[in-house]
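*Asks:* The structure that follows is given in the form of structure tokens.
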Amino acid sequence: MIKKILINDASEAFCKKVNELSGETVSRCDQCGTCTGSCPMIIEMDITPSQMMRLVLLGDESVMETKTIWICASCYSCTARCPRGLDASKVAEALRQIKLRQAIDYMHMEDMDPEELKKFPQMVLVAAYRKLTG
Amino acid sequence: MRIGVYICHCGGNIADVVDVKKICETVQQQDDIIFTKDLEHTCSEEGQQTIVNDIKENNLDRVVIAACSPLFHEKTFMKLLEKAGLNPYMFEMANIREQCSWCHPSKGNATRKAEDLVNMAVKKSKFDKPLQKTSMTIGKRVLVVGGGIAGIQASLDLGDSGFEVFMVEKEPSIGGKMAKLSKTFPTEDCATCIIGPKLTDVATHPNIHLYTYTEIKDIQGFLGNFTVTLRKKARHVIQEKCVSCGICAEKCPTKVPDEFNEGLSERKAIYIHSPIAVPRKYIIDEENCRQLNGQRCGICEKVCVQGAIDYLQPDEEEVLKIDTIIIATGYDTFQPELKAVYGYGKFENVITALQLERIIATGSSGPPLRPLGNRIAFIQCVGSRDEQAGHEHCSRICCMYATKLAQLVKRINPNREVYIFYTDLRAYGKGFEEYYKRAQNAGIKFIRGRTAEILEDPKTKKLFMRVEDTLSRQMIEGEFDVVVLSNGLMPAKGTDPVANLLKLVKSPDGFLQEAHPKFRPVDTLVDGVFIAGCAQGPKDIPDTVSQASAAAARAIRLMNKGQYDIEPITAFIDPDLCDGCEKCIPACPIKAIQMIDGKAFVQGALCKGCGLCCAYCPKEAIDLAYYTKNQIMGEIELALSSKKPDETRILIFADNTCAYRLADNVGTARLSYPHETRVIRLPSCSRITPSMMLYAFAKGADGLFFGECDHKASPYTGASEAIQRNIRIAHSIMEPIGVDGNRIYFAELLASLLTDYYKAITNLIKIAKKEARPLTDEIRQQLLSSSKQVLSEEKEVIR
Ligand SMILES: Cc1cc2nc3c(=O)[nH]c(=O)nc-3n(C[C@H](O)[C@H](O)[C@H](O)COP(=O)(O)OP(=O)(O)OC[C@H]3O[C@@H](n4cnc5c(N)ncnc54)[C@H](O)[C@@H]3O)c2cc1C
Ligand code: SF4
Ligand code: SF4
């Protein structure tokens, strides 16, 4: 299925917001693919970092539903190599922030078995809360 | 006749393979040879001195040198002859190095071939006649057609160098397209500010005569001797009286769309071309003026206190004597209506890039010519790179002007979102990539995809587009307030009348063709006529200006000395044989033949010396100097006279520009190829008539090879077509007699295609030896008699 992306006030506002949050200007991206070629996590991703940059430019909010933005390990390999000096990991971070600020909780402490909880290392819980709650 | 023959050893380059002494002996046996000498290095100081002394002491009237390729040393030796007091054309060379010792390792075969080559050269020399380079005087008067930035730059350069310039512009003002632009990429100089002073410079230059609102009616003659007739269109305002007060236009009741503002505003029927018009004088537009179209008006005449209006003013003609011509007729932008899917003319919010230039240019000094809205899209390659629209070429500058315009509209209102839909983004020039990056930084969104269609919402007048982003492979849909069409640059209609008068050639894209794409980029094939700017192809202002200065320099090169030489190798007509049938007139691709008193006459100053016309004359009245019929027939005869009964022999006719050079290059690369070949060098193979082909077979040739320059690199127009026509005629006669058509091979060649040459020759030999029906003595006999009849028969065969 081919996806349709609408260019309208909302899509432009989304692109602007990502630019503001990340401090990057995604329209600078040349779509050269150096970031993708540098990314150590690429096998685990569903879209490439350069695709992510593109979807942000087009203002396609579905980019926030991709695995990619969560799999980005913020290792900055792409940042180190981008010929345009862009920071794709900051863009991923901005997208995570937007998602997180939507304040949707996917995990509820009260539903969990307290015995189970005790088995997890503290780090795991902190990470899970950061990722899955708003 | 007193012929001196020299055979060169070229160190061992020749003598190691070719038995030089033996050749000296055999050649000596030909008539009229005073001596045959072998020299170690003919081109050395010592060798040259020997020749000069020999010429003087023995009173030689012809010299034949068998050595390296004539492409290498012909000029050296011709100068030597002149030094010794002999006409340089009383000279022939036999190429026994590149085309013999270097490519045929067998000593026996190489020596036999060398012998033939020397004999051929001796034979040819016997028909040599002294030819004089004629000197023509030339003045310093240049016609510049077109007053855009190209014409302006060329005129100023020429004027400053002391040449007299006649600049002709068909519009009421000079300036061309550049005068309409807002700013110029990539530096964003204000276009009006930088072109304005140049316009004034032209108008006030003591060496430039400016003719605006003037057309070229006729051009006759040639380099140093053009007669140009101008038609100065009536302006109906006496220029000397008009003080440009503008009261007339204020009162004129007739409104028409203003061309300078690309139809976005209106002007009156009496108007001034633009705010920066030069000359700054009013003019009445004949087509729209009420008074001039039979309606009663006469208002401007009443209000003009200067009495400058003259409704009855006629067009005037003026005849100029001109020495060289520069064509700077520019371009037209693609007519956007032709791309109906974009709805230009139908949808009010679809505009052209040139309209946007005007909107921005006028924006600073008044209300905008039209609103632009908040979401703007540019569509690239409109009319360019679109075979549907009939144009394969890239217009080269639209990527950059869109990048410029996008930034300018965004800067006016930073809240605007600007999209550029492109297919490939070309930022090739100095500072262009950096400029493109600046646009990206500014948030201009470049989307790779070509708009298929624009739809309009009839109520809101907003425009709806659907484009694939071919980078993300997603479908984009959006609504835009304004869509700007980046129309391509197309050949100007204004170029045609002048190009037709001068018989200038066009390249497949419809722009004027340069004489050579690498080495003569501003010359045309017509001597003394140069091209500059977009008339030659789409380009930006810096390239246009460079080309204009180049064209001026090339014109100066011809005129500066006050005289120029004409190559004496031209076609000439025997008036006793010419019966005035006029068949040669359309044959000559550059129209160098005229009828004078019922006889054809070749204008030496125009003739390029290709010899194409010779085969078109049914009376054999045309011949080519230095490559006369007798010379070629003589060469053919001697190339074949040594052939043994069981031998195969191929004659190679090679044009001087590519095929002969190719044969040399094969030798230089020491590639060996069959020795059964003998090369005859010509300016162009189109010199070889059908009867010569038949004569060659009659005399013993088993195959004929025609190598002509690839038409794109050839200095001659139409040569390949003419050769094929001649071969068709030969086929039509030889095939019924029993000679297979594939014994004649023709190919367009380039000097670099070494293996092609080898393969083609081997293949032709295979055909001649094995595949074709044998050529019996009887058939050859028949060919000899038919070769004499061909001329009368070929008249009607194929044109
Ligand atoms: C929208 C747009 C934006 C552009 N922006 C830029 C830019 O920012 N920077 C840049 O470098 N370039 C730009 N260009 C390109 C620039 O316009 C050209 O490089 C330049 O104008 C070429 O000059 P020219 O003299 O060859 O042709 P023209 O400007 O077309 O001039 C030709 C002149 O010859 C006249 N003429 C034609 N036929 C005849 C005839 N038979 N007799 C007499 N006169 C005749 C015409 O009336 C015209 O005045 C832009 C072009 C377009 C379309
Ligand atoms: S490396 Fe930089 S410019 Fe290239 S695709 Fe990635 S983000 Fe874009
Ligand atoms: S055809 Fe060639 S040789 Fe003949 S007149 Fe024309 S240019 Fe000269």
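*Asks:* Rounded to two decimals, what is the ratio between the C-alpha radius of gyration of the stretch B:542-641 and 2.2 N^0.38 Å?
*Replies:* 1.44
*Asks:* Can you work out the FRET efficiency for the pair B:E82 and B:R520, with r the C-beta to C-beta distance and R0 = 25 Å, to the nearest 0.05?
*Replies:* 0.40
*Asks:* How much net charge surrounds B:F511 when only other residues with a Cβ under 14 Å from its Cβ are counted (Lys, Arg +1; Asp, Glu -1)?
*Replies:* -2
*Asks:* Please compute how much accessible surface disappears when A pairs with B, both sides summed, using a 1.4 Å probe, and round it to the nearest 100 Å².
*Replies:* The summed interface area works out to 2000 Å².
*Asks:* Can you count the Lys pairs in the stretch B:580-729 with C-alpha separation below 30 Å, eight or more apart or on different chains?
*Replies:* So the count works out to 26.
*Asks:* Please state the Cα pair-distance histogram of the stretch A:9-102 with 5 angstrom bins from zero: what percent is in each bin?
*Replies:* Going from the shortest bin to the longest, the percentages are 3, 16, 30, 28, 18, 5, 1, 0.
*Asks:* If a/c stays under 1.5 just call it rounded; otherwise compare a/b with b/c (prolate if a/b is bigger, oblate if not). Do that for chain B, with a ≥ b ≥ c from the square roots of the Cα gyration tensor eigenvalues.
*Replies:* prolate
*Asks:* Among the lysines, which fall within straight-line cross-link reach of B:K56, defined as a Cα-Cα distance under 26 Å, with same-chain neighbours fewer than 8 residues apart omitted?
*Replies:* Answer for B:K56, where 26 Å is the Cα cut-off: B:K21, B:K37, B:K75, B:K79, B:K83, B:K123, B:K124, B:K126, B:K129, B:K133, listed by chain and number.
*Asks:* With an 8 Å cut-off on Cα pairs and a minimum separation of 6 or more residues, tell me the relative contact order of chain B in percent.
*Replies:* It comes to 11 percent, rounded to a whole number.
*Asks:* Can you tell me the convex hull volume per residue for the stretch B:218-375, based on C-alpha atoms, in Å³ to the nearest whole number?
*Replies:* 182 Å³
*Asks:* Take the Cα pairs of the stretch B:332-490, get the Kirkwood Rh, then feed it into Stokes-Einstein at 37 °C and 0.692 mPa s and tell me D in µm²/s.
*Replies:* 208 µm²/s
*Asks:* Kindly state, to the nearest 0.05, the FRET efficiency for B:K766 paired with A:L132, given R0 = 60 Å and r defined as their beta-carbon distance.
*Replies:* 0.15
*Asks:* I've got another one for you. Checking buried surface per residue: for the stretch B:430-472, which residues lose a minimum of 30 Å² accessible area in the protein assembly relative to the chain alone (1.4 Å probe)?
*Replies:* Listed in order, they are B:K437, B:Q440, B:N441, B:K445, B:L471, B:S472.
*Asks:* Do the sum for chain A: with -39,500 (n - 2.57) for every DSSP H run of n ≥ 4, divided by all residues, what is the mean residue ellipticity at 222 nm, to the nearest 500 deg cm²/dmol?
*Replies:* Per the formula, -14500 deg cm²/dmol.
*Asks:* Here's something else I'd like to know. Given the stretch B:402-476, what count of lysine pairs have C-alpha atoms under 29 Å apart, with each pair 8 or more places apart or on different chains?
*Replies:* For the stretch B:402-476, qualifying lysine pairs total 16.
*Asks:* Now for a separate question. Measure off 7 Å from each Cα along the Cα-to-Cβ vector at B:Q29 and B:R450, then give the distance between these two points in nanometres to one decimal.
*Replies:* 7.0 nm
*Asks:* Per 20 Å bin, what is the whole-percent P(r) computed from every C-alpha pair distance within the protein assembly as shown?
*Replies:* Taking all Cα pairs of the protein assembly as shown, the binned fractions are 12, 30, 27, 22, 7, 1, 0 percent.
*Asks:* Measuring from label point to label point, each 7 Å out along Cα→Cβ, what is the A:Y76 to B:D310 span in nm?
*Replies:* 8.0 nm
*Asks:* By the 4.7 Å beta carbon criterion, which cysteine residues of chain A come out unpaired?
*Replies:* A:C15, A:C29, A:C32, A:C39, A:C72, A:C75, A:C82
*Asks:* Calculate how many DSSP beta bridges within the stretch B:332-490 are antiparallel, expressed in % of all such bridges and rounded to the nearest 5.
*Replies:* The antiparallel fraction comes to roughly 40 percent.
*Asks:* Helix-only mean residue ellipticity at 222 nm, chain B, DSSP H runs n ≥ 4 weighted -39,500 (n - 2.57), per residue, nearest 500. What is it?
*Replies:* Mean residue ellipticity, 222 nm, calculated: -9500 deg cm²/dmol.
*Asks:* Sticking with this one: Go from 0 up to the bin containing the longest alpha carbon distance in the stretch B:163-304, width 5 Å each, and give me the % of pairs per bin.
*Replies:* P(r) over the stretch B:163-304, rounded to whole percents: 2, 8, 16, 18, 18, 15, 11, 7, 4, 1, 0.
*Asks:* Counting Lys and Arg as +1 and Asp and Glu as -1, what is the net charge of the other residues whose Cβ lies under 14 Å from the Cβ of A:C75?
*Replies:* -1
*Asks:* State the antiparallel share, in %, of DSSP beta bridges confined to chain B, rounding to the nearest 5.
*Replies:* So the antiparallel bridges amount to about 45 percent of the total.
*Asks:* Need one number: nm distance between label points at A:V124 and A:D9, each 7 Å from Cα along Cα→Cβ, rounded to one decimal.
*Replies:* 4.7 nm
*Asks:* Can you pull the accessible area of B:V341 for me, 1.4 Å probe, Å² to the nearest 10?
*Replies:* 60 Å²
*Asks:* Starting from the Cα of A:K131, draw a straight line to each of the lysines and keep only those under 18 Å, dropping any in the same chain fewer than 8 residues away.
*Replies:* Within reach: A:K67, A:K90, A:K99.
*Asks:* So, one more: May I ask you to derive the relative contact order of the stretch B:678-799, considering only C-alpha pairs under 8 Å and at least 6 residues apart, and to give it as an integer percent?
*Replies:* So the answer I get is 39 percent.
*Asks:* Right, another one. What are the residues whose amide H is under 5 Å from the amide H of B:I447, where those residues sit 5 or more places off or on another chain and H is modelled from the backbone?
*Replies:* The list, which skips near neighbours in sequence, is B:I420, B:F421, B:Y422.
*Asks:* Expressed as a rounded percentage, what relative contact order does chain A have, with Cα pairs under 8 Å and six or more residues apart?
*Replies:* 26 percent
*Asks:* Quick check on the protein assembly as shown: of the DSSP beta bridges with both residues there, what percent are antiparallel, nearest 5%?
*Replies:* 40 percent
*Asks:* To continue, here is another question. Counting only complete DSSP H runs, which helices of chain A cover 18 Å or more along their long axis at the Cα atoms and score a mean Kyte-Doolittle of -0.5 or above?
*Replies:* A:9-22, A:88-101
*Asks:* If you don't mind, another one. Counting Lys and Arg as +1 and Asp and Glu as -1, what is the net charge of the other residues whose Cβ lies under 13 Å from the Cβ of A:R130?
*Replies:* +2
*Asks:* Can I ask one more? Across the Cα atoms of the stretch B:1-133, what radius of gyration and what greatest pairwise Cα-Cα distance (Dmax) are found, in Å?
*Replies:* Rg and Dmax of the stretch B:1-133, Cα atoms, are 13.5, 42 Å.
The values are calculated or read from the model by the stated rules, or taken from the named source; none is laboratory data. Worth saying up front: this structure is predicted, and the values here are computed from it rather than measured. No Cβ is skipped: glycine too gets one built from the backbone with ideal geometry, and neighbour counts run over all protein chains shown. Areas reflect the complete protein model, heavy atoms only, side chains present, ligands, DNA and RNA absent. Shrake-Rupley method; radii C 1.70, N 1.55, O 1.52, S 1.80 Å.
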